[in-house]
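So the structure is just underneath, and the comments pick up after that.
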Amino acid sequence: MSTPDDKTKGVSADTGGEDAIASFKGVDEKEQGEGPGGFVILFFIIGFVASLIIGWVVFPKLLYSQKRQPVDFNHALHVETVDNGCESCHIFREDGSYAGVPKLAQCADCHQEVQGESPEEKIFVEEYVAKEKEVPWLVYSKQPDCVFFSHSVHVKLAGMDCVTCHGPIGESTSLKPYEENRLTGYSRDIWGKSMAGIKKNSWDRMKMDDCAECHEKETGRKSSVQTDKDACFVCHK
Amino acid sequence: MKEEQSKEKVKKFGMVIDLDKCTGCGACMVACMAENNVPFKEDESKKLDSITWLRIYKLTNGKPFPDADICYLPRPCQHCGGKGEHGHSPCVSVCPATATDYSKETGIVSQIYTRCFGCRYCMAACPYHARYFNWWDPVWPDGMEKYLSPNVSVRMRGIVEKCSFCFHRYQLAKDKAYFEGRREIEENEYQTACTQACPAGAIAFGDLNNPKHAVYELKKSSNAFRLLERLQTNPKVYYISGREWVRRAGDNYLKDEKK
């Protein structure tokens, strides 16, 4: 029975015997010895890069399905013609609740007939106004069921601008595709465009942490016994 | 803006229930179930795993006929403030998930369903049995989904739920007040569903700190008591009864012990 020790002894004895070529052979042996190690590192790097690409590029593409809005709405065009900015169409109800996306009746006030040249308007008038069918808009900022968000307190009391959370949507000439998370069903605007969660503008993400961050900074309230921040029931229901 | 926000008064919402007025009709329980989307089972005869945010208990004085007396006691979550009003109520102290919280601004003990993972420590800690566990996902009879309140999120299997003093009504009332440019809400703008449903007017709800609210005076009555007061949980639900045996039933007094 030969133990690993015996084998190494044998090898060292062999190389010791052939002194003359040893220096050349030694180089050769070194290269052969590192060969497999090099491959392991190479495969590791290939695998690492591949999984990074899958994780950061392929997976997000698979995770989100893209949907087009039923009508490609031009915000910039409408903001020009109305007097009261966003609140001309996105109104508060009398009880202080927020109406969000306008209903068909609101649009139909002006769009009973096709007014312009736009093919999108034609679709809107023919498919929805004429048939008195509500437009199934996809809402980018839709929050989960357990969230209570009050537009009233943010806009009326704190005097916040719509842009702070929604971004410069009023300047857009067409609606971006709605990306829906296949697992959760929520819009990509909640997680944000950047998979790494890098936030450049205040409207890049709409996760709980983003709400909490601003609440901590702006209100400075410490009403929660558990967290010493704003209480949970401020935004949850 | 920081200064503006802190101008808002600190509130302590609480309830005073007149047990001599309560007839035990159960309207408050029904109103509560409907208001808060409380799930129910097809067979509700097994009460051990029923969910009742507000529950009416029947108390008896245990005496024979001429002296026999009963009393109905509605029991919502007591929204304990804890010793010294620090908000360390029994359930908040034990929650490992930060799912239940105490707000120093309203005095309301909140339960965040999406945060809860169902360990049920809070149920064990609560001396009032005010907390309930969802053993199943709710099953609504056909078409009933359309009757659910959108203001209260529906709970899922595996989490604990309890009375929230209809907190969503407070949120909506504030929404309206802010829209109209007011900072404070009126007493009648925020009332719980059970308070409004009670035909006998036995339940009063409001800010215990606010002298303008009915509960402020009611809680000072010499007939007022709270449940298991000696545990020092400091509940925000007061009961009133002119009957001494009812007041004694509020805690575990010894037979010959003077209250």
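Nothing in this text is a laboratory measurement; each read-out follows from the coordinates by a stated rule. Just so we're clear, the structure is a prediction, and the values are computed from it rather than from any experiment. Methodologically, a virtual Cβ is constructed for each residue, glycine included, from the backbone with ideal geometry; neighbour enumeration extends over all protein chains shown.
Using helices alone, what [θ] at 222 nm do you get for chain A, with -39,500 (n - 2.57) per DSSP H run of 4 or more residues, divided over all residues and rounded to the nearest 500?
Mean residue ellipticity, 222 nm, calculated: -11500 deg cm²/dmol.
Using only DSSP helix segments of four residues or longer, with each worth -39500 (n - 2.57), what per-residue ellipticity at 222 nm results for chain B after dividing by its residue count and rounding to 500?
It comes out at -5000 deg cm²/dmol, rounded to the nearest 500.
Give the long-range amide H neighbours of B:Met15: residues separated by 5 or more places, or on another chain, with amide H under 5 Å away, using H modelled in the peptide plane at 1.01 Å from N.
Amide H neighbours of B:Met15, under 5 Å, 5+ apart: B:Val237, B:Tyr238.
Any idea how far apart A:Val101 and B:Arg183 come out in nm if each label point goes 7 Å out from Cα toward Cβ?
Taking the two extended label points, one gets 3.8 nm.
Enumerate the aspartates and glutamates that B:Lys83 could reach by cross-link, defined here as Cα to Cα under 20 Å, with residues fewer than 8 away along the same chain left out.
Cross-link targets: A:Asp228, B:Asp101, B:Glu105, B:Asp207, B:Glu229, B:Asp251.
Which of A:Pro60, A:Pro168, A:Pro36 moves most in a GNM of chain A, Cα contacts under 10 Å?
Most flexible of the set in this elastic network: A:Pro36.
Within the set B:Lys21/B:Lys219; A:Lys142/A:Lys200; B:Lys63/B:Lys220, which residue pairs have Cα atoms separated by over 25 Å?
Beyond 25 Å between Cα atoms: B:Lys63/B:Lys220.
Ranking B:Thr106, B:Thr23, B:Thr192 by Cβ neighbours within 10 Å, fewest first, what do you get?
Fewest to most other Cβ atoms nearby, the residues stand as B:Thr23, B:Thr106, B:Thr192.
Return the single residue from B:Pro199, B:Pro211, B:Pro138 with maximal mean-square fluctuation; model: Gaussian network over chain B, springs between Cα atoms under 10 Å.
With Cα springs under 10 Å in chain B, the top fluctuation among B:Pro199, B:Pro211, B:Pro138 is at B:Pro211.
What does the C-alpha gyration tensor say about the overall shape of the protein assembly as shown? Classify as rounded when a/c is under 1.5, otherwise prolate if a/b is larger than b/c, or oblate.
It is oblate, given that a/c is not under 1.5 and a/b is not larger than b/c.
Of all trypsin sites (Lys or Arg not before Pro) in the stretch A:136-213, which ones are in loop regions per DSSP and have a Cβ with at most 11 other Cβ atoms within 10 Å?
Counting only loop positions with at most 11 other Cβ atoms within 10 Å, the trypsin sites (Lys or Arg not before Pro) in the stretch A:136-213 are A:Arg182, A:Lys200.
Pick from B:Asn210, B:Asn36, B:Asn234: which residue has the top mean-square fluctuation in a GNM of chain B where Cα pairs under 10 Å get a spring?
B:Asn210
With a Förster radius of 30 Å, plug the Cβ-Cβ distance of A:Ala76 and A:Met208 into 1/(1 + (r/R0)^6) and report the FRET value to the nearest 0.05.
About 0.45, to the nearest 0.05.
Specify which residue in the list B:Tyr253, A:Ile53, A:Phe148 is farthest towards the positive end of the charge dipole of the protein assembly as shown, using unit charges on the beta carbon of Lys, Arg (+1) and Asp, Glu (-1), about the Cα centre.
Of the candidates, B:Tyr253 comes out farthest on the positive side.
How large is ³J(HN,Hα), in whole Hz, for each residue of the stretch B:242-254 in order, when computed from phi with the Karplus curve 6.51 cos²θ - 1.76 cosθ + 1.60 and θ = phi - 60°, using x for Gly and Pro?
Taking θ as phi minus 60°, the curve returns x, 8, 5, 5, 5, 5, 5, 5, x, 8, 8, 7, 6 Hz for the stretch B:242-254.
In the stretch B:37-129, which GluC sites (Glu not before Pro) are in a loop and have at most 15 other Cβ atoms within 10 Å, using DSSP for the loop call?
The qualifying sites are B:Glu42, B:Glu44.
First measure r as the distance between the Cβ atoms of A:Glu132 and B:Tyr147, then evaluate 1/(1 + (r/R0)^6) with R0 = 35 Å and state the FRET efficiency to the nearest 0.05.
0.85
List the DSSP H helices in chain A whose Cα atoms stretch 18 Å or more along the helix axis and whose mean Kyte-Doolittle hydropathy is at least -0.5.
A:19-53
So, R0 is 60 Å and r is the distance between the beta-carbons of A:Ser88 and B:Leu254; what FRET efficiency does that work out to, to 0.05?
For R0 = 60 Å, the calculated efficiency reads 0.25.
Among B:Asn151, B:Ile108, B:Ser50, whose Cα lies farthest out toward the positive end of the dipole of the stretch B:2-248, if unit charges sit on the beta carbon of Lys, Arg (+1) and Asp, Glu (-1)?
B:Ile108
Over the stretch B:2-248, what is the relative contact order in whole percent, taking alpha-carbon pairs under 8 Å and six or more residues apart?
So the answer I get is 29 percent.
Name the aspartates and glutamates eligible as straight-distance cross-link partners of A:Lys61: C-alpha to C-alpha under 20 Å, and not fewer than 8 places from it in the same chain.
Excluding near neighbours in sequence, the set is A:Glu179, A:Glu180, A:Asp189, A:Asp204.
So, with +1 on the Cβ of K and R and -1 on the Cβ of D and E, and no other charges, what is the size of the charge dipole of the stretch B:15-142 about its Cα centre, to the nearest 20 debye?
380
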